[in-house]
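First the structure, in the form of structure tokens, and then the observations on it.
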Amino acid sequence: QVQFVESGGGLVQPGGSLTLSCAASESIVSHYHMAWYRQAPGRQRDLVARIFQSGSTNYADFVKGRFTISRDNAKNTLYLRMTSLKPEDTAVYYCNRDLTYPPFNWGQGTQVTVSS
């Protein structure tokens, strides 16, 4: 079963930037549609961004124009570049396959806190 290790989260002020990484234990990031998700306390897990096998991308409306998803096939790693961060972006961020497939096991996620 594929394992994911997310990293790069932290505390950042509103308007700041972070880049998250997600390392997969197997060479899969180019073989499936991949995605970043986030879950804030007391809320369901939401889709944030997707990157398709073709390399095309799409984004949830609430991050469009601020976040960029990318991948490095050689490193089996998915990235999420986040800019112009807002307090409402505070959440635990996870990566996994796009949920058109059954998900692999979820990683521990990486906490992003946006606060002054």
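Out of contact with any Asp or Glu (no Cβ under 8 Å at 6 or more places or on another chain), part of a loop (DSSP other than H, G, I, E, B), closer than 26 Å to E88 by Cβ and open to solvent by 30 Å² or more (accessible area, probe 1.4 Å) - does that describe any residue in segment 15-35?
yes
List pairs: first residue in segment 59-70 and over 16 Å from P87 (Cα atoms), second residue open to solvent by 70 Å² or more (accessible area, probe 1.4 Å) anywhere in the structure, Cβ distance under 6 angstrom, at least six positions apart or on different chains.
T68/R81
How about segment 94-116: which of its residues are open to solvent by 40 Å² or more (accessible area, probe 1.4 Å) and of a type outside the set (A, V, I, L, M)?
Passing the criteria: T100, Y101, P102, P103, N105, W106, Q108, Q111, T113, S115, S116.
Among the residues of segment 1-14, what is the count of those that are open to solvent by 60 Å² or more (accessible area, probe 1.4 Å), out of contact with any helix residue (DSSP H, G or I) (no Cβ under 9 Å at 6 or more places or on another chain) and at pLDDT 95 or above?
So the count comes out to 3.
For residues in segment 36-74 being more than 18 Å from V114 (Cα to Cα) and among the β-branched types (V, I, T), which is farthest from the chain's Cα centre (by Cα)?
Restricting to residues being more than 18 Å from V114 (Cα to Cα) and among the β-branched types (V, I, T), the top hit is T57.
The values are calculated or read from the model by the stated rules, or taken from the named source; none is laboratory data. This structure is a prediction, so every number in the text was calculated from the model and none was measured. Because the Cβ atoms are built from the backbone with ideal geometry, glycine has one as well, and the counts that use them run over all protein chains shown. Areas reflect the complete protein model, heavy atoms only, side chains present, ligands, DNA and RNA absent. Shrake-Rupley method; radii C 1.70, N 1.55, O 1.52, S 1.80 Å.
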